[in-house]
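*Asks:* My questions all concern the structure below.
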There are 2 protein chains.
Amino acid sequence: MPETAVATSFTDKLTASREAARALATATTAQKNTALRAIADAVLRNQARVLQANELDLANGRDNGLSAGLQDRLRLDEKRLIALSQAVLEIVALPDPVGDVVRGSSLENGLQLTQIRVPFGVVGAIYEARPNVTIDIAALALKSGNAVVLRGGTAAENTNRVLVEVIQSALEEAGLPIDSVQTIDEFGREGAKELMRARGFVDVLIPRGSADLINSVVAESTVPVIETGAGVVHIYLDESADLENSVAIVHNAKVQRPSVCNALETLLVNAASAPRLLPPVLAKLRESGVTVHGDSRTLELFPDALPATDEDWSTEYMSLDVAVRVVDDLDEALDHIRQYSTHHTESIITNDLARAERFLAEVDSAVVMVNASTRFTDGGEFGFGAEVGISTQKLHARGPMGLPELTSTKWVVRGSGQVRG
Amino acid sequence: MPETAVATSFTDKLTASREAARALATATTAQKNTALRAIADAVLRNQARVLQANELDLANGRDNGLSAGLQDRLRLDEKRLIALSQAVLEIVALPDPVGDVVRGSSLENGLQLTQIRVPFGVVGAIYEARPNVTIDIAALALKSGNAVVLRGGTAAENTNRVLVEVIQSALEEAGLPIDSVQTIDEFGREGAKELMRARGFVDVLIPRGSADLINSVVAESTVPVIETGAGVVHIYLDESADLENSVAIVHNAKVQRPSVCNALETLLVNAASAPRLLPPVLAKLRESGVTVHGDSRTLELFPDALPATDEDWSTEYMSLDVAVRVVDDLDEALDHIRQYSTHHTESIITNDLARAERFLAEVDSAVVMVNASTRFTDGGEFGFGAEVGISTQKLHARGPMGLPELTSTKWVVRGSGQVRG
């Protein structure tokens, strides 16, 4: 394949990805780790080139009125590049899922069955203004034996193009196909749409970004999608909740990093314990600058709160805001969660065994917790190493996704002439 | 909920399904088995009513020029009802996947993690003219704790309506929500389309039927889909293939049940062994009435063959026809399979260890075999009991699907006040 991408057609690119995927599927762990180390090294060696391209994107962003938040996501600097390079080396240290035996058996007729993990093949990624995702997804895909086709969006186009060139030269150095990692940014929005319909070329598509982006990929894609969705995360303080735990867990879940999907958004409190728990819990939040949006019963106990509207219950603030509602009992808490949860993470603070078990059984979320901060819903915290994302869908993967979630399986049947009777 | 479905709106029906799913998710295995036994019994007790409705559908089918094959699929009789009832009892005997612990660990901070199997929630099924699927899918969904919404198509509308009524009365008898199993046939094609877009109501959609049906569901659905696709299944006879095994396996794979997806469609033979293997292998097929569509080298060795066209290589005959091609080596066989396979099942007949391993590693199909008939790709043969279908996609499930493939998972985290540092 020619190294200059401009002259290459969309279909040629995807065909090259499929061919690269074939080679990657049988690459050894050592080969893949060599390539990853070369990428970690190349990201640092090419710092000047990468930052120059990033400056261009940032200047365009300023001209086009890109929000301060997006500009911050878009920005790379020496420190961030070092962290990205380090993250790639951490993926080197993780176990390779390919070839793992999931289960197996010997049948009565002597056939030997094993179900083993195999790469998906070609993974597509659609994301926005986050050049770190370019490196992250490329490294995770390579380690799990997948080729990857990236659509990183116009705002980061220059940065991503240079990053992909850097990755490709590292792949060449390490003897793996350079087409293992490709960008289709040069095909614009039309390319993104073609990617969503590239059945037979792309095995799975992972959108990362805003709810709008994810919804549009889900609506338009005929390629199977793994969704990493939003988190309207709840904590319920039961009447038996320990005060100290309630204060510490609610504070940690809301304040430690409010901009992420596992941060607390809505606090539910049992009416019987609200007078005991709410004032100290909310006072502690206020110390950290949290704005409380409360229902009428919350306002009685904590007059500093703003009145909550219906919209608050379904809002993922991602900021130092929290919605608070007093409920009569566990049933009302479960009803509220059923109505407003995005099925990401919910936690109950309680010392009552029966209600704890009911909460765990009846809340239909990727992660359900007792007496723990919702901030623990995280691939790193769960011990998976690098995180592909947190799936809020039920198909294939649910909750934090590690490398095994980037694989499919294959049944291997070894016989000695068996036929079916 | 009212028992008369006609007056109920589409959204009301799906809301009722969600509520039923909540109850099913925490139903015990004993409760679910009681309901399944009641269904097995009710199918037999209501034979007259079911067969009367089926007669009406068959009469409509004859009037509307339904093909003989579809009429046969549509037809129920006493024997088929007994077999259906028996199949439900076999599902009673299978282990309940719900609550199974997939994996777990204790983290350094004392958090206890377990990943457990939970029902999807609401499963949608879209199929055509096959009333047996109504019973099968309903029973499999119930056993795995799922509510199910059925769209069985106009041709079987009367039969399916009565079957669902019979199932619902059995559910009521057993104390499970009658809305656990519903049909939306009364909403016609528009209802099928709404089902495909019912995100938040339906967790997974399983199309069963023709390639056209499956492709249209994949294209239109925003609900995640599990595909059960076609099988253009290959066997490759390597130069070291044992003659007796080759004759027996090829015959079994083609002739034992030609109308199913795991039956052989294309035979590839190494050129060096073609003179030794092809004449006896094809003579044995001819004895069973198989028509051979061969390439030029096959025609030289077996003049009875018809010349194969390009179309033959991508045809799933599902009949007593087989395409045969002589290839120079394993590479050419792998290239052919890569180009034409539907990634269902492929088998190599060989005594060469290195080539066997290469075939297993490089063929990208749900099931890859050495020295065994492709007819073994089957949930029953694999020991899964009843079969949901054979997935030819890579997401969530690949190959024969049993009850566990009708479940998702949930992470349960038990703490004692842990917060993230």
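The values are calculated or read from the model by the stated rules, or taken from the named source; none is laboratory data. Because the structure is predicted, anything quoted here is derived from the model rather than measured. Note that we place each Cβ from the backbone using ideal geometry, even for glycine, and neighbour counts take in every protein chain shown.
*Asks:* Just one of (1) among the acidic types (Asp, Glu); (2) in a helix (DSSP H, G or I); (3) over 30 Å from residue A:86 (Cα atoms); (4) under 23 Å from the mean Cα position of the chain (by Cα) trips up residue A:364, so point out which.
*Replies:* (2)
*Asks:* If I ask for residues that are exposed (fewer than 15 other Cβ atoms within 10 Å of the Cβ) and touching a residue at least 24 places away in the same chain (Cβ under 8 Å), which ones from segment A:101-118 would you list?
*Replies:* Going through segment A:101-118, the residues exposed (fewer than 15 other Cβ atoms within 10 Å of the Cβ) turn out to be A:101-106, A:108-110.
Listed by number, the residues that qualify are A:102, A:109, A:110.
*Asks:* Collect the residues in segment A:224-245 that are within 9 Å of chain B (Cβ to nearest Cβ) and over 15 Å from the mean Cα position of the chain (by Cα), keeping them in residue-number order.
*Replies:* Step one: filter segment A:224-245 for residues within 9 Å of chain B (Cβ to nearest Cβ), giving A:224-227, A:242, A:244-245.
Hits for segment A:224-245 are A:224, A:242, A:244, A:245.
*Asks:* Taking residue B:129 as meeting all but one of (1) farther than 20 Å from residue B:204 by Cβ; (2) part of a helix (DSSP H, G or I), write down the number of the exception.
*Replies:* Here residue B:129 meets the rest and fails (2).
*Asks:* Looking at (1) farther than 26 Å from residue A:108 by Cα; (2) more than 8 Å from chain A (Cβ to nearest Cβ); (3) touching a residue at least 40 places away in the same chain (Cβ under 8 Å); (4) in a loop (DSSP other than H, G, I, E, B), which one does residue B:421 not meet, given that it meets all the others?
*Replies:* Result: residue B:421 fails condition (3) only.
*Asks:* Pull out all pairs, ordered by first then second residue, where Cβ-Cβ is under 6 Å, the residues are six or more apart or on different chains, the first lies in segment A:269-280 and is within 10 Å of residue A:326 (Cβ to Cβ), and the second is loosely packed, with under 14 Cβ neighbours inside 10 Å.
*Replies:* From residues that are within 10 Å of residue A:326 (Cβ to Cβ), the pairs are A:271/A:328.
Residues are listed down the side, and each one gets a yes or a no for (1) outside the structural domain of residue B:367 (by TED's automatic domain parsing); (2) within 27 Å of residue B:399 (Cα to Cα); (3) out of contact with any helix residue (DSSP H, G or I) (no Cβ under 8 Å at 6 or more places or on another chain); (4) of a type in the set (D, E, K, R):
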site	(1), (2), (3), (4)
B:237	no, yes, no, no
B:301	no, no, no, no
B:307	no, no, no, no
B:317	no, yes, yes, no
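*Asks:* Can I ask one more? Residue under question is residue A:14, and the condition is that it be assigned by TED's automatic domain parsing to the domain that holds residue A:173, in contact with a strand residue (DSSP E or B) (Cβ under 8 Å, 6 or more places away or on another chain) and among the hydrophobic types (A, V, I, L, M, F, W, C); does it hold?
*Replies:* For residue A:14, the condition - assigned by TED's automatic domain parsing to the domain that holds residue A:173, in contact with a strand residue (DSSP E or B) (Cβ under 8 Å, 6 or more places away or on another chain) and among the hydrophobic types (A, V, I, L, M, F, W, C) - is met.
*Asks:* Tell me which residues, restricted to segment A:380-391, are part of a loop (DSSP other than H, G, I, E, B) and modelled with pLDDT of 90 or more.
*Replies:* Within segment A:380-391, A:381, A:382 qualify.
*Asks:* Do we find that residue A:24 is touching a Gly at 6+ places or on another chain (Cβ under 8 Å), within 14 Å of another protein chain (Cβ to nearest Cβ) and under 28 Å from residue A:406 (Cβ atoms) in this structure?
*Replies:* Taking the combined requirement at face value, the residue satisfies it.
*Asks:* Under 17 Å from residue B:152 (Cα atoms) and either in contact with a helix residue (DSSP H, G or I) (Cβ under 8 Å, 6 or more places away or on another chain) or surrounded by 19 or more Cβ atoms within 10 Å (Cβ to Cβ) (or both): is that true of residue B:53 in this structure?
*Replies:* Yes: the conditions hold for residue B:53.
Quick grid of which residues meet (1) assigned to a helix (DSSP H, G or I); (2) at pLDDT 95 or above:
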{"site": "B:109", "(1), (2)": "no, yes"}
{"site": "B:115", "(1), (2)": "no, yes"}
{"site": "B:118", "(1), (2)": "no, yes"}
{"site": "B:123", "(1), (2)": "no, yes"}
{"site": "B:133", "(1), (2)": "yes, no"}
{"site": "B:149", "(1), (2)": "no, yes"}
{"site": "B:163", "(1), (2)": "yes, yes"}
{"site": "B:166", "(1), (2)": "yes, yes"}
{"site": "B:179", "(1), (2)": "yes, yes"}
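*Asks:* Can you tell me which residues in segment B:394-406 are surrounded by 21 or more Cβ atoms within 10 Å (Cβ to Cβ) and in contact with a Pro (Cβ under 6 Å, 6 or more places away or on another chain)? Please lay out each step first, then the result.
*Replies:* Step one: list which residues in segment B:394-406 are surrounded by 21 or more Cβ atoms within 10 Å (Cβ to Cβ), which gives B:394-403, B:405-406.
Listed by number, the residues that qualify are B:395, B:403.
*Asks:* Continuing with the same structure: Does at least one position in segment A:27-38 carry a residue that is of a type in the set (Gly, Ala, Ser), assigned by TED's automatic domain parsing to the domain that holds residue A:179 and at pLDDT below 95?
*Replies:* First pass over segment A:27-38, keeping only residues of a type in the set (Gly, Ala, Ser): A:27, A:30, A:35, A:38.
Then drop every residue that is not assigned by TED's automatic domain parsing to the domain that holds residue A:179, which leaves A:27, A:30, A:35, A:38.
Filter again for at pLDDT below 95, leaving none.
Checked segment A:27-38: no residue is of a type in the set (Gly, Ala, Ser), assigned by TED's automatic domain parsing to the domain that holds residue A:179 and at pLDDT below 95.
*Asks:* Going through A:413, A:363, A:388 one at a time, which residue ends up being within 7 Å of chain B (Cβ to nearest Cβ) and either more than 30 Å from residue B:254 (Cα to Cα) or in contact with a Ser or Thr (Cβ under 9 Å, 6 or more places away or on another chain) (or both)? Break it down stepwise before answering.
*Replies:* Numbers: A:363 fails: within 7 Å of chain B (Cβ to nearest Cβ); A:388 fails: within 7 Å of chain B (Cβ to nearest Cβ).
Unique residue meeting the criteria: A:413.
*Asks:* Could I ask something else about it? Just need a number here: residues in segment A:251-266 that are under 20 Å from residue A:314 (Cβ atoms) and either within 12 Å of chain B (Cβ to nearest Cβ) or hydrophobic (A, V, I, L, M, F, W, C) (or both).
*Replies:* The total comes to 7.
*Asks:* A further question on this structure: Evaluate segment A:369-380: report whether one residue or more is crowded, with 22+ Cβ neighbours inside 10 Å, at the interface with chain B (Cβ under 10 Å from one of its Cβ atoms), free of Cβ contacts under 8 Å to residues at least 24 places away in the same chain and touching a helix residue (DSSP H, G or I) at 6+ places or on another chain (Cβ under 8 Å).
*Replies:* Checked against the condition, which is being crowded, with 22+ Cβ neighbours inside 10 Å, at the interface with chain B (Cβ under 10 Å from one of its Cβ atoms), free of Cβ contacts under 8 Å to residues at least 24 places away in the same chain and touching a helix residue (DSSP H, G or I) at 6+ places or on another chain (Cβ under 8 Å), segment A:369-380 yields at least one hit.
*Asks:* Could you list all residues from segment A:204-221 that are buried (at least 17 other Cβ atoms within 10 Å of the Cβ) and either in the same structural domain as residue A:324 (by TED's automatic domain parsing) or part of a loop (DSSP other than H, G, I, E, B) (or both)?
*Replies:* Within segment A:204-221, A:209, A:221 meet the criteria.
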